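> Below is a structure I'd like to ask you about.
Each reported figure results from applying straightforward, stated rules to the coordinates on display, with no laboratory input. Just so it is clear, the model here is predicted, and its values are computed rather than measured. All Cβ positions, even for glycine, are placed from backbone atoms using ideal geometry, and neighbour counts span all protein chains on display.
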Amino acid sequence: MKPFEKWETDEVEQTFGIESIKIMPLMQNWLQFQQPLTLKEEERAEELRLFIEEFASSWNEEDMKVFFIVPVLQIVNFYAYKKYRTFMEATIEASLTDAQNNLCTLRGRVEMVVATGKQRPQIPFFFLNEYKAQRKVVTDPQGQLLIAMLAAQAKNNGKNLPIYGLYNIGQFWFFVILSGKEYTTSKAFDATDKDDLKQIINALQYVKAHIDRNV
């Protein structure tokens, strides 16, 4: 099969029989989660917000990753000793059946995944995919994210857990949940907006709590 970066949303839907839905209680629970930030977290979030506000239009993908995305993830700290950690530029591979019941193998590289495992991802829970600079989006970051989430779903050994993910286009962040054969995508959250950035961090904290409950 082709690598993840070659997939588009329509093709993922048609090949694997998944569909987009507008309302999913899991998404409502995710985005309604609120946890007060500590003073240190608030100060760091504001530093990062001012930074992206100034430079989002000029950063390339590596700039976005190094100067904003990774520091935001570090506020939440997706790591638990001997349980799970964050993997960068990781390869995910899984076998699953398509909509015509043909067995196929998915294999591709993802920008970031939180998973069990020490050297390689074992059971994935959460993806962040495609550090796209806003001014040059030429591929489909949602399609690339969905195909990786389907591979994760197949690797999770029948746990029947939702797979959480997000992708960003410049300063805009989109949250995605895949549950069974249905997925939903959030509205755009603007990381230059103080309230939106707090909600982005809260959403990441929610995912961390979900992982802690299920490892």
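> For the chain, what does the helix formula give at 222 nm: sum of -39500 (n - 2.57) over DSSP H segments with n ≥ 4, over the residue count, nearest 500 deg cm²/dmol?
Taken over the chain, the calculation gives -11500 deg cm²/dmol.
> Counting other C-beta atoms within 10 Å, which of Leu96, Leu103, Leu73 has the fewest, and how do the rest follow?
Lowest to highest Cβ neighbour count: Leu103, Leu96, Leu73.
> Based on Cβ point charges of +1 for Lys and Arg and -1 for Asp and Glu, what charge dipole magnitude is obtained for the chain about its Cα centre, in debye rounded to the nearest 20?
960 debye
> Follow-up question, since we're still on this one. Treat each spin label as a single point 7 Å out from the Cα along the C-beta direction, and report the Cys104 to Ser58 distance in nm.
It works out to 4.3 nm between the two label points.
> For Arg213 and Asn29, compute 0.36 nm times the residue count separating them, minus their Cα-Cα distance, and round to one decimal in nm.
64.7 nm
> On a C-alpha basis, how far is the centre of the stretch 3-57 from the centre of the stretch 98-113 in Å? Whole number, if you could?
Each part's Cα centre sits 22 Å from the other's.
> For Cα pairs less than 8 Å apart in space and 6+ apart in sequence, what is the mean separation divided by the residue count of the chain, i.e. the relative contact order in percent?
RCO, the chain: 27 percent.
> Calculate, in nm to one decimal, what Thr91 and Asp195 gain on full extension: separation in residues at 0.36 nm each, minus their alpha carbon distance.
34.0 nm
> From the C-alpha coordinates alone, can you work out the Kirkwood hydrodynamic radius of the stretch 24-66, in Å?
12.7 Å
> Between the DSSP loop rule and a limit of at most 12 other Cβ atoms within 10 Å, which trypsin sites (Lys or Arg not before Pro) in the stretch 32-91 are left?
Within the stretch 32-91, the qualifying trypsin sites (Lys or Arg not before Pro) (loop, at most 12 other Cβ atoms within 10 Å) are Lys82, Lys83.
> Would you mind computing the Rg to Rh ratio of the stretch 43-102 from its alpha-carbon coordinates, Kirkwood style for Rh?
Taking Rh as the inverse mean 1/r over Cα pairs, Rg/Rh reads 1.19.
> Over the Cα atoms of the stretch 4-214, how large are the radius of gyration and the largest Cα-Cα distance (Dmax), in Å?
Gyration radius and largest Cα-Cα distance of the stretch 4-214: 16.5, 53 Å.
> What's the center-to-center distance, using Cα atoms, between the stretch 191-206 and the stretch 150-178 in Å?
Result: 18 Å between the Cα centres.
> By counting other Cβ atoms within 10 Å of each Cβ, how are Thr9, Thr139, Thr105 ranked from fewest to most?
Result, fewest neighbours first: Thr105, Thr139, Thr9.
> Past the 18 Å Cα-Cα mark, which pairs from Lys22/Lys181; Lys83/Lys159; Lys40/Lys82?
Listed pairs above 18 Å: Lys40/Lys82.
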